[in-house]
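Below: one structure, written as structure tokens.
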Amino acid sequence: MYIVNKKRPVNLDIGTIALPITSYVSILHRVSGVALFGAVAVFLWLLDTSLSSEEGFNAIRETMGSPICQLIVWAALAGLAYHVVAGVRHLIMDFGVGETLEGGRLGAKIVLVVAVVLILLAGVWVWV
Amino acid sequence: MITNVTSFSRSGLSDWLLQRVTAVVMAAYTVFITAYLLFNSGLEYSQWLGLHSHIAMKVFNVLTVLSIAIHAWIGLWAVLTDYVTERLLGPKATPLRIFLQLGMIAVTLVYVIWALDIVWGI
């Protein structure tokens, strides 16, 4: 391992800098990822209960009619949709596409637009 | 500050590749389950149970939960070692980060065991 001086000064105070769109897309990827770690419990509970018995399966059906559960599932799906879309952008960039400054900004905009569309569609799916 | 002792594979390059491989598995699972539920809107319990009883689906379920575990470990390691640092939070940061990482690993193990229990039970 190389030696790094840990007492070196750091002048980058992110709170005082106007962040570019790529930063927001990156931060949202992290926030959605952390949130999804909790959402796994929701998805596992849904899978467990829906497979446990006919009663459990029907109970999930009924539960999905309550607004609070719909909101929780929609929030989980929204986080998943955003995280997957932003993740696909990473995979595309790994192939060398969209790595320039302009390409990065365009990719960030596409991620936001596609994610918003998918999140709205997820809302339609949960509520209609 | 030594941070790689709690990273998933102890190697940044290996973590990088695992993060991508597990992402593809989870993306495939997400697309498959979403499409299945969309095309089977009047889903019955017997059909849902039949799907998950199939050996291919059991493998897919287990592969996906293992991918979740590896992906979450690597991703949360990156987040925690970036923000729960001595520079941002002071000298208490390292013990706090180790505590959070161990908690994250414990929750990850619970998820894996829970999922295996679901798959084994059907």
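Values in this text are rule-based calculations from the coordinates and carry no lab data. Just so we're clear, the structure is a prediction, and the values are computed from it rather than from any experiment. Every residue, glycine as well, gets a Cβ built from its backbone with ideal geometry; the counts of neighbours run over all protein chains shown.
Things worth noting here:
- Cα centroid of the range A:66-128 to Cα centroid of the range B:107-121, whole Å: 27 Å
- In plain terms, if you count all Cα to Cα distances in chain B and split them into 10 Å steps from zero, the share in each step is 12, 34, 28, 16, 8, 1 percent.
- Per residue of peptide B:12-20, the mean number of Cβ atoms on other chains within 10 Å of the residue Cβ is 1.
- The residues packed around A:I110, meaning those with a beta-carbon under 13 Å from its beta-carbon, carry a net charge of +2 if Lys and Arg are +1 and Asp and Glu are -1.
- Taking the three principal axes of the alpha carbon atoms in the range A:20-127, the coordinate ranges are 54, 22, 19 Å, sorted in descending order.
- Choice from B:T94, B:T34, B:T22 showing the highest fluctuation, given a GNM over chain B with Cα pairs closer than 10 Å: B:T34
- Using θ = phi - 60° in the Karplus curve 6.51 cos²θ - 1.76 cosθ + 1.60, the 3J(HN,Hα) couplings for the range A:58-68 round to 5, 5, 5, 3, 5, 4, 5, x, 7, x, 5 Hz; x is entered for Gly and Pro.
- DSSP-assigned coil residues among chymotrypsin sites (Phe, Trp or Tyr not before Pro) in the range A:22-128, each with at most 13 further Cβ atoms within 10 Å: A:F95
- Computed as a quarter of the hull surface, the mean projected area of the alpha carbon convex hull for the protein assembly as shown stands at 15.8 nm².
- Between A:M64 and A:A41, the modelled labels are 2.3 nm apart [label points 7 Å from Cα along Cα→Cβ].
- GNM result for chain B, Cα springs below 10 Å: residue of B:I70, B:I98, B:I55 fluctuating most strongly: B:I55
- 3J(HN,Hα) along the range B:88-94, derived from phi through the Karplus expression 6.51 cos²θ - 1.76 cosθ + 1.60 where θ = phi - 60°, amounts to 8, 10, x, x, 6, 4, 5 Hz, with x in place of Gly and Pro.
- FRET efficiency for the B:S41 to B:E86 pair, using the beta carbon distance and R₀ = 51 Å, is estimated at 0.45.
- Averaged over B:57-70, number of beta-carbon atoms from partner chains that fall within 10 Å: 1
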